[in-house]
1. State the dimensionless ratio Rg/Rh of the range 224-305 (Rg: radius of gyration of Cα atoms; Rh: Kirkwood radius).
2. Roughly what would the spin-label model give for residue 404 and residue 219, points 7 Å off Cα along C-beta, in nm?
3. Quick one: among 137, 399, 62, which has the greatest mean-square fluctuation in a GNM of the chain with alpha-carbon springs under 10 angstrom?
4. What FRET efficiency comes out for the pair residue 16/residue 230, r = Cβ-Cβ distance, R0 = 51 Å, nearest 0.05?
5. Once the Cα atoms of helix 409-432 and of the chain are each reduced to a long axis, what angle between those two axes, in degrees from 0 to 90 to the nearest 10, is obtained?
6. Which value in nm describes the separation of the simple spin-label points at residue 271 and residue 64, placed 7 Å from the Cα toward the beta carbon?
7. Does anyone have the angle between helix 357-369 and the longest principal axis of the chain? Alpha-carbon axes, 0 to 90°, nearest 10?
8. Relative to 2.2 N^0.38 Å, what does the C-alpha radius of gyration of the range 1-160 come to as a ratio? Two decimals please.
């Protein structure tokens, strides 16, 4: 086979696989988006309509990476190859450890259900984006330390520098790989990773035979403040017609006085008829200071415009909402008296900020993995572990400060990135100028 054709083999295969995945899965995602928009007419529609396009782009990221690899020069391809070998081992090891740990925690729940294998497959397929987003930064750091440490030990880094390449040029293809990982994490964090986190509890409840709930104890008031809803539990599949449980509805007049209260065990909404049906409701009517109680044996139907999606929205927790959900919430409930806006806004910014940890990890690990003496990479690994712990700490503390109002949401979301990008620039400067890193840190702590 001619060399030119052999170079196109993998890009062609990955292009075809991406096209097949797009053809099979994107229509399903589009249908889910359409159903969401119907159920929640006040959604920010463009934010939801972007989901199928992002999913399609995800399927073609391997193709884009293979094309970039083929267009790179020999030294870049060699560096990427060494790194990918280490990355495959590190990522695979972490993935297996996380997978086995999760199975150990949840296997007893799955064994209680007759559909054990189906529920396990559903659970881990949905959880995959969240797991990838969590594992990628750690895999990148370990793989980079391993690959660059190995190349440094074999004097390959020194040989590359002697060809006229700088340290930044040597690690440039690795930074490019980190950028692709960042794109992947941004796409998953847009919707699929938060969705996976929100569905985990529901699937485990389903495995135990418990009625799964997407939210509990949700309060909602409609747009013109004439109805106040209180819902005890939202079933996990309320969008497919399953009724809401333990519902109380207060109807108000133009003076915001309660004139009627309706209590029912369940309330169903028809997506086709756009009608509410209350099961055998108990109706309290307040008129001229008197209370009249009516117990209906049959069901009552109302044409109220609010939908289950709108009612549940204020009760959804920000960590379980993607960019479309957070954008819609901020657009429709900015003045909602029952929810704290700071938490939703902080998580909106954090959805974009968190994926850049992949890029920052590459920038931190690269100067720590490259050594020019015989000490090895042990010191760099120690510093990397210290910095990794610092990133975990900061990525927890700063968003919490944003949610509590001690920091502006945008500052809280991006503070970790800015801080450790500055640290990475210092490390790169010291490595490029030949100054020690580990010994300096050691002396600093000793003093």
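1. That ratio is 0.99, to two decimals.
2. So the two model labels end up 2.4 nm from each other.
3. 62
4. Values: r = 53 Å, r/R0 = 1.03.
About 0.45, to the nearest 0.05.
5. The answer is roughly 10 degrees.
6. 3.1 nm
7. 20 degrees
8. Cα-based Rg divided by the globular estimate yields 1.37.
Bear in mind that the values in this text are calculations on the coordinates, not laboratory data. Treat the numbers as computed from the prediction; the structure is a model and nothing was measured. Cβ sites come from the backbone with ideal geometry, for glycine too, and all protein chains shown count toward neighbours.
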